[in-house]
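**Q** I'd like to ask some things about the structure below.
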Amino acid sequence: MEFQTVLDEIDAEIRPLLGAAGTVASYIPALARVPAEHFGIALRTRDGEEACAGDARAPFSIQSVSKLFTLTLAMRCLGERLWERIGREPSGNPFNSLVQLEFEAGRPRNPFINAGALAVADRLVTQARAAACGAGPRDARDDILALMTDLAGEAVAFDPEVAASEAATGFRNVALVNFMKSFGKIDNDVADVLDMYFHQCAIRMSCVQLARAAGFLCRDGAHPLRRARPGAADADACAGAVVSDRQTRRINALMLTCGTYDAAGDVAFSIGLPCKSGVGGGIVAVVPDRLTLCVWSPALDAAGNSLLGLKALELFVAKTGLSVF
Ligand code: GLN
């Protein structure tokens, strides 16, 4: 299959629709300034073949796509213990909703809604502190940047303006973490948890970098950029694993059921791929065992998912027949 041709066709079909529908996230002032008329798409196959089109190399604010990678880090460090504080069910509510938390005693439904990602951030802050050694205190913000840089194969950074903008206006996130703390479900100072969360959301990356970084999700957990030596024993081939193959299946399952919030059912119905979206307009999607994709277009639908990003994924599945179903 000639993936470059497929992506060029999708770019040509999406481009005339830019700016026609959807709205750029405005509740974070630094995001409101991003023009809606962008579209990028990139993919990387299991074997390392890459293709991209449109604004695929333009960096954007990854926002909640970061939740995929903080979850990966937390599963790697904590294993099963992570699930003591976080569920694995779709919420059926908006990503920043507070209501369910009261009924469910401060245990978020899943790691991809804001409450769940804040609970993950708390665990990562604890983990970084516990691992601090002679070189001085370790910072969970450095841990997530180091993971992203390693997975993308090039330097990845925070956008300090976006992080500051989120800190100045993130009243719901402040409420969520305080509410969970009132149930005894947050170990660290709320300020430290929020600082980690606002920074992870403010990571800047391009579609090409994100398609690469997520590559372990189509490779049974193996590092996206490292090849197993020909003829290497299984154990050797896995030496550079990001997470185990079982953990990889679980992350993909969570993306399919919870990765696009209260639109997850519709996304499974119309696209049929595990996806993780962010209000910056990025969406990472996985065709298990085949490839990872990233699309970006800043105008969002009512659920906070990129309108044309979802449309592009629908076109990709229609043109290639690649879907988990
Ligand atoms: N930083 C955003 C927030 O906390 C992330 C939300 C998202 O991308 N869905 O509201």
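**Q** For segment 35-67: of the residues being within 15 Å of residue 307 (Cα to Cα) and either crowded, with 17+ Cβ neighbours inside 10 Å or within 16 Å of the ligand (Cβ to nearest atom) (or both), which is modelled with the lowest pLDDT?
**A** This residue is 36.
**Q** Of all residues in segment 130-174, which are farther than 29 Å from residue 243 by Cα and open to solvent by 40 Å² or more (accessible area, probe 1.4 Å)?
**A** Selection gives 160, 161, 164, 167, 168, 169, 171, 172, 174.
**Q** For segment 188-207, which positions are assigned to a helix (DSSP H, G or I) and open to solvent by 10 Å² or more (accessible area, probe 1.4 Å)?
**A** 190, 191, 192, 194, 195, 198, 199, listed by residue number.
**Q** Output the residue which, of all residues in segment 162-187 that are in a helix (DSSP H, G or I) and more than 16 Å from the ligand (Cβ to nearest atom), is farthest from residue 49 (Cα to Cα).
**A** Out of the qualifying residues, it is 182.
**Q** Here is a further query. Is it the case, given these coordinates, that residue 303 is at pLDDT below 95, touching an Asp or Glu at 6+ places or on another chain (Cβ under 6 Å) and open to solvent by less than 40 Å² (accessible area, probe 1.4 Å)?
**A** When the stated conditions are applied, residue 303 passes them.
**Q** Quick one: how many residues across segment 94-116 are open to solvent by 40 Å² or more (accessible area, probe 1.4 Å) and away from the ligand (no atom under 12 Å from the Cβ)?
**A** Total meeting the criteria: 8.
**Q** Under 7 Å between Cβ atoms, at least 6 apart or on separate chains: pull out the pairs that start in segment 180-207 with a residue that is farther than 15 Å from residue 31 by Cα and end on any residue that is open to solvent by 60 Å² or more (accessible area, probe 1.4 Å) and more than 14 Å from the ligand (Cβ to nearest atom).
**A** Short answer, once both residue conditions are applied: 185/107; 190/178; 190/181; 196/141; 206/57; 206/59.
**Q** Taking segment 49-72 only, how many residues are under 19 Å from residue 195 (Cβ atoms) and small (Gly, Ala, Ser)?
**A** Matching residues across segment 49-72 total 3.
**Q** Only one residue in 78, 71 is within 16 Å of the ligand (Cβ to nearest atom) and among the aliphatic types (A, V, I, L, M). Which one?
**A** Of the residues listed, the single one that is within 16 Å of the ligand (Cβ to nearest atom) and among the aliphatic types (A, V, I, L, M) is 71.
The values are calculated or read from the model by the stated rules, or taken from the named source; none is laboratory data. Bear in mind that the values here come from a model prediction, so they are computed numbers and not experimental data. So basically every Cβ, Gly included, is an ideal-geometry build from the backbone, and we count neighbours across all protein chains shown. Quick note on the areas: whole protein, heavy atoms, side chains included, nothing else; ligands and nucleic acids left out. Shrake-Rupley method; radii C 1.70, N 1.55, O 1.52, S 1.80 Å.
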